[in-house]
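Below: one structure in structure tokens.
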Amino acid sequence: MENNLLDYQESLKHALSQRDEIEKTVKELLKRDIKNVIFAGCGGSLAIMFSCEYIMRQNSSIPAFAYNAGEFNKLCPKLLGKNSLLITASYSGTTPETNEAVQIAKEKGAATIGFTGKADSPLSKNVDYVFLNNAKTGATNANLIMLYEIIFSIMRELDGFEKYDAVMQALDTLPDNLAEVKKLAEEKAESFVNEYKDETKFLTIGAGLSWGEAYAYAICILEEMQWLYAQPVHAGEYFHGPFEIVDENANLIILKGEDFGRPLVERVIDFSQKYTKRLVILDTKDYPLPGVDEEMRGYLTPFVLSAALDKYSEKLAEIRNHPLSIRRYMGKVPY
């Protein structure tokens, strides 16, 4: 396990080492008079983009939109053009929808940036700028670090975002801090799997910068990697349908960050505790982050939740004897 943790830290350090090149790339891109930013991806790659969309919408005058790549390809947004920047990701670099999105964007004259783990992949060859996550493990957080470096660089250049240095200093603490998060999450993850190992249906709930993690945990971990029924529910939508199925047997995994979405999640918790005791609450406030200013902690919400949830996933796979690498259809049959 120690080697795995070291590999994880190395992947994050590699992402941080790309900052100078990313800053240089952003300055080059902005010469093209970028007027909108479009994120396009699938599954976990899309999930980490939700936080970037939220951050830009809250802090930037530049419109930002996150799309499922397949839907983006069919929709082909009217605003897509020579003043657009498409940001996309695929660990294998072979995701068909993602590569098609790049082609569509380039045909419209947009600039393109891609994140992948494979230097010789189609995505690497198709985008204008490529950044490799070089990750044996921790690819999700490595990609998100580089995405943050891009969007905060854009906001510094175009919006005069004054907290850029503070955000970058917070990111620099992640290799050590997230390793500690994983260690601290061990005991709670053990309790979770012992109690829920035989359950087959879950709701995963989040809002704001925890929403992407709630979405990804449902569709990528519980469904894709564990073949369990899971529904991601936005905390803001919980009281508009999903709460009607909550009773003493409902299993809720609730992700609570320290950003603007926190009050929405707290409302869900306050209500749900009255009707079920089957609540698993992951709160980023439970994890110390030495060296991080209090006002920066909200930005780190998805990183902390992802690191903690990694432990939950590992232990769930182990106790259920269902490795996270097993697939029924993905990469095995035509689809």
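The values are calculated or read from the model by the stated rules, or taken from the named source; none is laboratory data. Nothing here was measured: the structure is a model prediction, and the numbers come from that model. Note that we place each Cβ from the backbone using ideal geometry, even for glycine, and neighbour counts take in every protein chain shown. Just so you know, the surface numbers come from the protein's heavy atoms only, side chains and all, with ligands and any DNA or RNA stripped out. Shrake-Rupley method; radii C 1.70, N 1.55, O 1.52, S 1.80 Å.
Which one, 122, 191, 211, projects farthest toward the positive side of the charge dipole computed for the chain from Cβ point charges (K/R +1, D/E -1)?
Checked the options; the winner is 122.
Let me ask you something else. Against the longest principal axis of the chain, how steep is helix 44-59, in degrees 0 to 90 to the nearest 10, with axes from Cα atoms?
70 degrees
Sticking with this structure for a sec: If you take the charge dipole of the chain about its Cα centre, with +1 on Lys and Arg Cβ and -1 on Asp and Glu Cβ, which of 79, 251, 142 is farthest toward its positive end?
79
Against the longest principal axis of the chain, how steep is helix 139-159, in degrees 0 to 90 to the nearest 10, with axes from Cα atoms?
50 degrees
Skip the ligands, DNA and RNA, and give the accessible area per residue of the chain with a 1.4 Å probe, whole Å².
45 Å²
Count neighbours as other Cβ atoms within 10 Å of each site's Cβ, and list the GluC sites (Glu not before Pro) in the range 131-184 that are DSSP loop with at most 11 such neighbours.
Listed in order of number, the matching sites are 162.
Taking the Cα centre of the chain as origin, sum charge times position over the Cβ atoms of Lys and Arg (+1) and Asp and Glu (-1), and report the length of that vector in debye to the nearest 20.
For this selection, approximately 1000 debye.
In whole percent, how big is the carbon plus sulfur part of the accessible area of the range 19-162, probe 1.4 Å, protein atoms only?
46 percent
What GluC sites (Glu not before Pro) in the range 243-334 are in a loop by DSSP, with at most 12 other Cβ atoms within 10 Å of the Cβ? Spell out each step's value before the answer.
Working: sites: 244, 248, 258, 266, 294, 295, 314, 318; in loops: 248, 258.
Passing sites in the range 243-334 are 248.
Of all accessible surface on the range 199-268 at a 1.4 Å probe, what whole percent is carbon and sulfur? Intermediate results must be reported in sequence, preceding the final value.
On the way: 1440 of 2730 Å².
Answer for the range 199-268: carbon and sulfur cover 53 percent of the accessible area.
Right, next: Straight-line reach from residue 27: which lysines have Cα under 19 Å away, leaving out those fewer than 8 places along the same chain?
35, 82, 163
Within the range 155-193, list the residues whose amide N lies under 14 Å from a label point set 7 Å along Cα→Cβ of residue 293.
The answer is 161-172, whose backbone nitrogens lie closer than 14 Å to the label point.
What do you get for trypsin sites (Lys or Arg not before Pro) in the range 276-335 restricted to DSSP loop and a cutoff of at most 15 other Cβ within 10 Å of the site's Cβ?
277, 320, 327, 328, 332
Let me ask something additional. For the pairs 118/182; 118/315; 188/311, note any where the Cα-Cα span goes beyond 19 Å.
118/182; 118/315
I would also like to ask the following. How about residue 78: which aspartates and glutamates have a C-alpha closer than 15 Å to its C-alpha, ignoring those fewer than 8 places off in the same chain?
Within the straight-line cut-off, residue 78 pairs with 107.
Taking only C-alpha pairs under 8 Å that are 6+ residues apart, what is the relative contact order of the chain in percent?
17 percent
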